[in-house]
Structure formats: structure tokens, C-alpha cells
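*Asks:* Would you mind keeping the following structure in view while I ask a few things?
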Amino acid sequence: MKILLVCLGNICRSPLAEGILRKKLEQSGIIVEVDSAGTSGWHTGEPPHAGSISVASINGIDISGQRSRQILSSDLKEFDLILAMDSSNYQDIKRLDHENQYSDKIKLILNYVYPNENRAVPDPYYHDNFDEVYELLEMAAQKIVEEIRNNL
Ligand code: 4NP
């Protein structure tokens, strides 16, 4: 199984989500590939934002080796689950699904915590709320791992 986490810049939210989810899956002994990408290519090749690296590090997760990349149309075929941080990311991903073949695997990540509410992970690039974002992503990652475990 392969999971892709997606935000706008792939420097704040999705790198953090990738790090948290990868650690939880490893701790659970579940073999899943995890990656992240941005809908924009604005930060391609850059490491995560210092705020994301810092909050991850405080929680025992090293995301400093990640590098930003832009999502590709081929990712829609390649990954089994594509998780967007907000509805704008969600719409941008759906736009890459020209023939509307992959809509079942494109989801909003916080719907794992707040089903059907379509809540957004707030963007710490603008709000500097890295701690709040960490907590939200931690809750979502926990639910995702439970769901995968229940379906194994
Ligand atoms: P992210 O945050 O989508 O969580 O990585 C952002 C990063 C960069 C920008 C916006 C949001 N930007 O405008 O460059």
C-alpha cells in the first residue's frame, strides 16, 4: 500500500503528516509506503519549514531530510490513498484526475478525525501554529493507522 499526503507547498503540513504517519506505521509494524507532495511547485527541492522540522523534532521525528516536490498526474495511479490538507488542495488534486477515475482514493485528511465535516488543517505558513497542526495531524495519523489495521 502507498499513501500520499498533499498540501500546497509541501514544506509545512504534508511533510509533517508524512513524518508522523510513517513513524506510527513503523511502530505498528504495518508495511506502507508514505510520501508527500505539494499541489504547487513553488518550493521544489527545499527542505521542510523550520517550524515543521522543530515541532517534529520535539516529538522525536526527524523530517529534515525530506525535499519538496510537486504532485504529478501519475501519482493518482501510483498511490492507493491521497490525503489532502484542505479543500483547495482537494480540488487541485481532483483537477489532475481528468477522467474522474480516482475520486474514491482522494480524501480530506481531517475527515478521519471529524467524519464528513470537511475540516481543513490550518496552514502554519500563514498562522505560525505549528503545535496545533502537529496535534491535528497526530490525531488523523492515529485514525488512519487504526483503519488500516482493521482492514488488514
Ligand atoms: P504548506 O504551506 O502548503 O503547508 O506547505 C505553505 C507553504 C508555502 C506557501 C503557502 C503555504 N507559499 O505561499 O509559498
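*Asks:* Go through region 1-28 and report how many residues are over 10 Å from the mean Cα position of the chain (by Cα), under 13 Å from residue 140 (Cα atoms) and not basic (Lys, Arg).
*Replies:* Summing the residues that are over 10 Å from the mean Cα position of the chain (by Cα), under 13 Å from residue 140 (Cα atoms) and not basic (Lys, Arg) in region 1-28 gives 1.
*Asks:* Kindly check whether there is at least one residue in region 3-19 that is of a type in the set (Lys, Arg), buried (at least 21 other Cβ atoms within 10 Å of the Cβ) and within 16 Å of the ligand (Cβ to nearest atom).
*Replies:* Yes, there is a match, as at least one residue in region 3-19 is of a type in the set (Lys, Arg), buried (at least 21 other Cβ atoms within 10 Å of the Cβ) and within 16 Å of the ligand (Cβ to nearest atom).
*Asks:* Looking at 121, 145, 133, which one is out of contact with any strand residue (DSSP E or B) (no Cβ under 7 Å at 6 or more places or on another chain), surrounded by 18 or more Cβ atoms within 10 Å (Cβ to Cβ) and part of a loop (DSSP other than H, G, I, E, B)?
*Replies:* 121
*Asks:* Can I ask one more? Mind checking whether some residue in region 70-86 is polar (S, T, N, Q), assigned to a loop (DSSP other than H, G, I, E, B) and within 13 Å of the ligand (Cβ to nearest atom)?
*Replies:* no
Any read-out appearing in this document is the output of simple, stated calculations on the displayed coordinates, not a laboratory observation. It should be emphasised that the depicted structure is a prediction, and the values quoted were computed from it without experimental measurement. Glycine also receives a Cβ, built like all others from the backbone with ideal geometry; neighbour counts cover every protein chain displayed.
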